[in-house]
Amino acid sequence: MPRTRHARYVDAATGEPVETPFDVGAWDRFGWGLLDPDEARHLERLLPEVSDAEARRRIARDHTAKCLRRAQQLHEALDRPATPPGSVQLHLIAGDAEATESAVSIDAETGRVRVAQLEPGDGTVTRTSALMDERLGRPWVPRLRSPIAWNNVMFLFQDHLGLTKDPTFADNVLYLLLERPRDHREAMPSRNDSGT
């Protein structure tokens, strides 16, 4: 789930960012996900050993709360500054040719969620999310602001599943893995490599 600071969840009436998606109380109140009353029959199939419908709902609420906490923990872990070892290179190959859902508006009264914005992406992941672009939710500035020091970024005109089927993707990944010199010294043959 996107971070709240990136203003990807907004109040339908005001357009202001909201933190509702991480509040299990909102999921309960609005009947989102497993807490949707229409999911009761699915919960019965998932939890056949629990005969009481209210007990199944409590289990679903507890599970939802744990998932939301884990999502927040993942965000906290991803946001910690880190420097990869010098021998590690970070390459991103992503799609940016499909209109991709990037923001939702939430009606504070009914909990109705609607797509509020589309951006370039691969139909599943937006370009800005793949880059971990920290310019989101702030006035736009040139040049990427990301906690990841990408060594290389390549965008392909493919959707999410189409990326790995694209011959350009395969060709470039094989080059990066099997042929690309690791540093400048490796790129130049030594005298002993000439066969003499």
Exercise. How do the helices (runs of 4 or more DSSP H) wholly within segment 1-102 filter down when requiring 1 or more residues that are without any contact (Cβ under 8 Å) to a residue 60 or more places away in the chain and touching a Ser or Thr at 6+ places or on another chain (Cβ under 7 Å): which remain?
Worked result: 24-30
For this session: Could you please find all residues in segment 135-159 being part of a loop (DSSP other than H, G, I, E, B), touching a residue at least 24 places away in the same chain (Cβ under 8 Å) and farther than 22 Å from Pro84 by Cβ?
Result: Leu136, Gly137, Phe157, Gln158, Asp159
For this session: Take segment 103-115 and flag every residue that is open to solvent by 60 Å² or more (accessible area, probe 1.4 Å) and either touching a residue at least 24 places away in the same chain (Cβ under 8 Å) or touching a Lys or Arg at 6+ places or on another chain (Cβ under 6 Å) (or both).
Result: Ala108, Thr110, Arg112, Val113, Arg114
For this session: Might you let me know whether segment 65-75 holds any residue that is loosely packed, with under 11 Cβ neighbours inside 10 Å and not aromatic (Phe, Trp, Tyr)?
Result: yes
Problem set entry | Test: Ala71 is closer than 16 Å to Glu19 by Cα, in contact with a strand residue (DSSP E or B) (Cβ under 6 Å, 6 or more places away or on another chain) and at pLDDT below 95 | no
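The values are calculated or read from the model by the stated rules, or taken from the named source; none is laboratory data. Keep in mind that what you see is a predicted model, and the values were worked out from it rather than measured. Counting neighbours? That spans all protein chains shown, and the Cβs are built from the backbone with ideal geometry, glycine included. Calculation scope for accessible area: heavy atoms of the full protein, side chains included, ligands and nucleic acids excluded. Shrake-Rupley method; radii C 1.70, N 1.55, O 1.52, S 1.80 Å.
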